[in-house]
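The values are calculated or read from the model by the stated rules, or taken from the named source; none is laboratory data. Just so we're clear, the structure is a prediction, and the values are computed from it rather than from any experiment. Don't worry about glycine lacking a Cβ; one is built from the backbone with ideal geometry, like all the others, and counts go over all protein chains shown.
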Amino acid sequence: MISRRKLIQLIGAGSLAGAALPAAAADADLDPVSGLAAQALAEGGRRGYTPVATPNGRSLPFTLQDGVKQFHLVAEEIEHEFAPGCRAKCWGYNGSTPGPTIEAAEGERVRILVSNKLPEPTSIHWHGVLLPNGMDGVAGLTQSAILPGETWAYEFTLRQAGSHMYHPHADEMVQMAMGMMGFFIIHPKDPSGDAGPRVDRDYAIMLHNWALHPGTYRPDPSIMQDFDLWTFNSKVYPATAPLLAQTGERVRIRLGNLSMWNHPMHLHGHRFWVTGSDGDRWPRSSWRPEVTHIVGVGQMRDFEFIADNPGDWAFHCHMSHHTMNAMGHGIANALGVDQSGVEDKIRAMLPDYMAMQPGGMADMSGMMDGPANTLPMAGGPGAQGPYGSIGMGGMFTVLKVREALQGRHDPGWYRHPKGSRAYKVSGGS
Ligand SMILES: [Cu+2]
């Protein structure tokens with residue numbers, strides 16, 4: 001454990017960079033081709049692994065202190081945008097939710113400094129990481145809570161490789177509902193060993209839910225089931241970054257679930273293997289092929305596949321309400337009902353009244369006259385694809401597989417080779 005004296009020395013030497021913590025990695029620090037932090041790329045190159053990309057997020061920079069990899073997380077209130085048109089005061093780390101991804105390798109010793117700038121005590125639990133009991137971060141059980149204004153250090157040697165997470169273990173219900181969580185990815189010491197083939201692209205996506213009620217600006221931590229927003233790395237579609245891959249590449253998607261629901265995650269166009277969990281990478285004999293796999297509450301799952309099918313492929317949660325935004329729940333069901341004139345009459349008495357439309361909800365996907373700070377329930381104007389509204393919000397993104405990609409730049413929509421797209425046979429005009 002780092003001594004108080006040593007900590008004071010570190011702070012004195014400016015090595016904690018308390019005042020200079022980057023809110024987001026400066027573009028200059030990012031590799032122009034991969035979009036990954038130069039430091040993470042250098043580490044991956046030195047150790048022979050592919051660094052993790054956190055779509056819409058970033059990795060946490062580190063410094064080396066006497067051979068220890070040192071990170072600094074600052075728990076704080078942040079201003080977060082779920083998608084253009086919807087912002088909220090959330091809680092996170094170093095300016096973001098999820099907090100930046102911690103990345104290290106098996107066998108390394110890490111020291112993680114945690115500063116509390118929240119209005120209440122916190123702690124950090126390293127979810128799934130094997131460590132000494134006193135480093136487990138459970139307030140009251142293994143340590144006193146970290147009070148506002150305090151900085152604590154966690155220090156341990158990494159004994160495993162796999163996909164893990166971090167989150168508070170103090171007033172969890174509130175702090176996790178407000179967005180406090182992040183990834184802790186540990187790469188294998190020997191990437192050529194049992195770990196299986198090296199992946200060419202490694203993505204990490206955190207699944208979460210938010211009770212940001214229409215017209216409000218702070219998540220409501222009291223909600224247990226009926227959430228308004230369902231997010232990938234705290235973004236809803238169309239603000240979720242696309243996942244890019246070139247044909248022939250091996251892709252891993254690491255999924256973490258710190259929400260209050262299970263999420264059956266579904267990938268189009270590819271069969272993936274489930275290759276790992278919080279229990280680290282699975283032996284090859286346990287890998288299994290799937291196109292949909294549930295990521296349970298508190299779990300992590302690693303999906304791997306060869307991107308062998310060019311196109312724009314949906315990747316989403318299969319709970320249909322989890323690909324919608326607020327206002328899509330609990331409204332009157334008028335499917336098949338001729339309600340001409342009725343809605344207007346009811347609205348004269350109840351201004352907020354809204355019924356499901358006789359032909360379904362698709363008509364309402366672009367509805368923009370809802371309460372302030374509230375996204376259209378099904379994507380809206382930003383969710384336009386090349387053939388019309390995609391009609392999705394929430395936990396939805398697009399895997400873009402191309403024969404050639406220009407670095408990290410979105411290649412635009414897929415152009416289907418002649419004769420390979422569904423076509424109209426009859427009807428309409
Ligand atoms: Cu879901």
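Take the conditions at pLDDT 95 or above and within 19 Å of the chain's Cα centre (by Cα) and apply them to G128. Does it pass? It is true that G128 is at pLDDT 95 or above and within 19 Å of the chain's Cα centre (by Cα). Per this entry, G256 is not counted among residues that are of a type in the set (G, A, S), surrounded by fewer than 17 Cβ atoms within 10 Å (Cβ to Cβ) and not assigned by TED's automatic domain parsing to the domain that holds H164. Among strands (runs of 3 or more DSSP E) entirely within the range 47-95, having at least 1 residues that are among the β-branched types (V, I, T) singles out 63-65, 68-83.
Here is a yes/no grid of residues against (1) of a type in the set (K, R); (2) crowded, with 17+ Cβ neighbours inside 10 Å; (3) within 16 Å of the ligand (Cβ to nearest atom); (4) modelled with pLDDT under 95:
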{"position": "D226", "(1), (2), (3), (4)": "no, no, yes, yes"}
{"position": "L243", "(1), (2), (3), (4)": "no, yes, no, no"}
{"position": "M265", "(1), (2), (3), (4)": "no, yes, yes, no"}
{"position": "H270", "(1), (2), (3), (4)": "no, yes, no, no"}
{"position": "R288", "(1), (2), (3), (4)": "yes, no, no, yes"}
{"position": "V291", "(1), (2), (3), (4)": "no, no, yes, no"}
{"position": "M300", "(1), (2), (3), (4)": "no, yes, yes, no"}
{"position": "H321", "(1), (2), (3), (4)": "no, no, yes, yes"}
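Within the range 138-151, residues that are assigned by TED's automatic domain parsing to the domain that holds A75 reach partners that are of a type in the set (F, W, Y) and not in a loop (DSSP other than H, G, I, E, B) with beta carbons closer than 8 Å, at six or more positions or on different chains, in the pairs Q143/W152; I146/W152.
Based on this model, can you work out whether A314 counts as more than 24 Å from H164 (Cα to Cα) and within 16 Å of the ligand (Cβ to nearest atom)? So A314 fits the description; yes. Every listed requirement among (1) at positive phi; (2) touching a residue at least 40 places away in the same chain (Cβ under 8 Å); (3) buried (at least 22 other Cβ atoms within 10 Å of the Cβ) is met by G107 save one, (3). Restricting to the range 110-150, and then to whatever is among the polar types (S, T, N, Q) and in contact with a Ser or Thr (Cβ under 9 Å, 6 or more places away or on another chain), can you tell me which residue is surrounded by the fewest Cβ atoms within 10 Å (Cβ to Cβ)? Per the stated criteria, the residue is N133. You will find that of R281, R250, R218, the residue that is within 30 Å of E79 (Cβ to Cβ) and charged (D, E, K, R) is R218 and no other. I'd like to check something: does the range 162-171 contain any residue that is on the phi < 0 side of the Ramachandran plot and surrounded by fewer than 20 Cβ atoms within 10 Å (Cβ to Cβ)? Checking the range 162-171: not a single residue is on the phi < 0 side of the Ramachandran plot and surrounded by fewer than 20 Cβ atoms within 10 Å (Cβ to Cβ). Residues in the range 396-409 include at least one that is within 16 Å of the ligand (Cβ to nearest atom) and either of a type in the set (F, W, Y) or under 20 Å from the mean Cα position of the chain (by Cα) (or both).
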